[in-house]
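Enquirer: Before anything else, here's the structure in question.
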Amino acid sequence: MESGYEKLDIYKLARELAIKVHKMTLSLPKFEMYEEGSQIRRAAKSVGANIVEGYCLRRHKNEYLQYLHRAFGSSQETIYHLAILFDTRSLTDDETYEELREGYDHLGRMIYRFIESVLADHQAPAYIKEDAPPYEA
């Protein structure tokens, strides 16, 4: 059963894409496995990790936004690493490249719209008690 951040569409897509990136890197040439492969895995996994950390601080608008901006930045960084792998032909599968590129482009737009909604009307979810410690889900 999903709870908390697991209900967020941006989290679901970030996780799905990070898994695809991880699997894609397993087929990279050996010399890329520990260079660009490592970089793109970290960037891809950072998107979801920042969404999770931000969600845990959602009662504090500025901190929440900071982590959401980091998630957005990591999604853009992932696109950069994908382009490098593709342009150097370390990633030779056109279909995989396009799927991941489009996925991260879409995720970036989703995160950006989510940031705008938080900026417009930040309210802690109704199920959070005002006197509850910030670490309660």
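The values are calculated or read from the model by the stated rules, or taken from the named source; none is laboratory data. For clarity, every value in this text was computed on a predicted model and none was experimentally measured. Cβ placement follows ideal geometry from the backbone for every residue including glycine, while neighbour counts extend to all protein chains displayed.
Enquirer: Is it true that Leu26 is farther than 27 Å from Val118 by Cα and surrounded by fewer than 18 Cβ atoms within 10 Å (Cβ to Cβ)? It would help to see each step written out before you state the result.
Expert: On the way: farther than 27 Å from Val118 by Cα: yes; surrounded by fewer than 18 Cβ atoms within 10 Å (Cβ to Cβ): yes.
For Leu26, the condition - farther than 27 Å from Val118 by Cα and surrounded by fewer than 18 Cβ atoms within 10 Å (Cβ to Cβ) - is met.
Enquirer: Which residues, counting only those in the stretch 89-125, are without any contact (Cβ under 8 Å) to a residue 40 or more places away in the chain, in a loop (DSSP other than H, G, I, E, B) and of a type in the set (Ser, Thr, Tyr)?
Expert: Within the stretch 89-125, just Thr92 meets the criteria.
Enquirer: Which residue is modelled with the highest pLDDT, if the candidates are limited to the stretch 2-43 and must be among the small types (Gly, Ala, Ser) and within 15 Å of Thr96 (Cα to Cα)? Even if it seems obvious, please write down each step before you answer.
Expert: Kept after step one, since they are among the small types (Gly, Ala, Ser), are these residues of the stretch 2-43: 3-4, 14, 18, 27, 37-38, 43.
Remaining after also requiring within 15 Å of Thr96 (Cα to Cα): 18, 27, 37.
Values: Ala18: 98, Ser27: 93, Gly37: 95.
Ranking the candidates gives Ala18 first.
Enquirer: Being aliphatic (A, V, I, L, M) and modelled with pLDDT of 95 or more narrows it down to one residue among Leu68, Leu57; which is it? Spell out the reasoning first.
Expert: On the way: Leu57 fails: modelled with pLDDT of 95 or more.
Exactly one residue qualifies, and that residue is Leu68.
Enquirer: Among the residues that make up the stretch 55-72, is at least one of them in a helix (DSSP H, G or I) and of a type in the set (Gly, Ala, Ser)? Step through it out loud before you land on a result.
Expert: Kept after step one, since they are in a helix (DSSP H, G or I), are these residues of the stretch 55-72: 55-56, 61-72.
Applying the additional criterion that residues be of a type in the set (Gly, Ala, Ser) yields 71.
Yes, the stretch 55-72 has at least one match.
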